[in-house]
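A.B. asks: Dropping a structure here in C-alpha cells format, bear with me for questions.
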Amino acid sequence: MANNPGAKKAIRKIESRTEVNKARRSRVRTYLRRFEEAIAAGDVAQAKSAFIEAQSELMRAVSKGVVHHNTGARKVSRLAAAL
C-alpha cells in the first residue's frame with residue numbers, strides 16, 4: 001500500500017490515465033469494427049472511408065502511447081491488405 005504522498009499521487013495519476021487510455025482503446029476498436037463491417041457488407045466506398053478513419057485513429061493511439069508503434073503499423077498493414 002502506498003505510504004508516502006508521492007506514491008499516493010502516483011496512484012491517482014495512474015487511475016486517471018487508465019480511464020483515458022481505456023476510452024482511447026475503445027474508440028480505436030469502434031473504428032476497426034466499422035471497417036470490418038464495411039468489408040463484410042462488400043461496400044467498397046464505405047470500406048475505403050472506414051479504412052482512412054481507422055488508420056487515422058490507430059496512428060493517433062500510437063502517438064498517444066496507447067498502442068505500440070509496431071502494433072499500430074501491423075494493424076494498418078493488415079487493414080490495407082483486407083481492403
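A.B. asks: Determine which single condition residue 52 fails, assuming it passes every other condition in (1) of a type in the set (A, V, I, L, M); (2) open to solvent by 70 Å² or more (accessible area, probe 1.4 Å); (3) touching a helix residue (DSSP H, G or I) at 6+ places or on another chain (Cβ under 6 Å); (4) free of Cβ contacts under 8 Å to residues at least 40 places away in the same chain.
C.D. replies: Condition not satisfied by residue 52: (3).
A.B. asks: Restricting to region 60-74, and then to whatever is open to solvent by less than 80 Å² (accessible area, probe 1.4 Å) and part of a helix (DSSP H, G or I), can you tell me which residue is nearest to residue 17 (Cα to Cα)?
C.D. replies: 61
The values are calculated or read from the model by the stated rules, or taken from the named source; none is laboratory data. Owing to the predicted nature of the structure, the values given are computational and were not obtained by experimental measurement. Heads up, the Cβs are rebuilt from the backbone with ideal geometry, glycines too, and the neighbour counts pull from every protein chain shown. We work out accessible area using only protein heavy atoms, side chains counted, and drop any ligands, DNA or RNA first. Shrake-Rupley method; radii C 1.70, N 1.55, O 1.52, S 1.80 Å.
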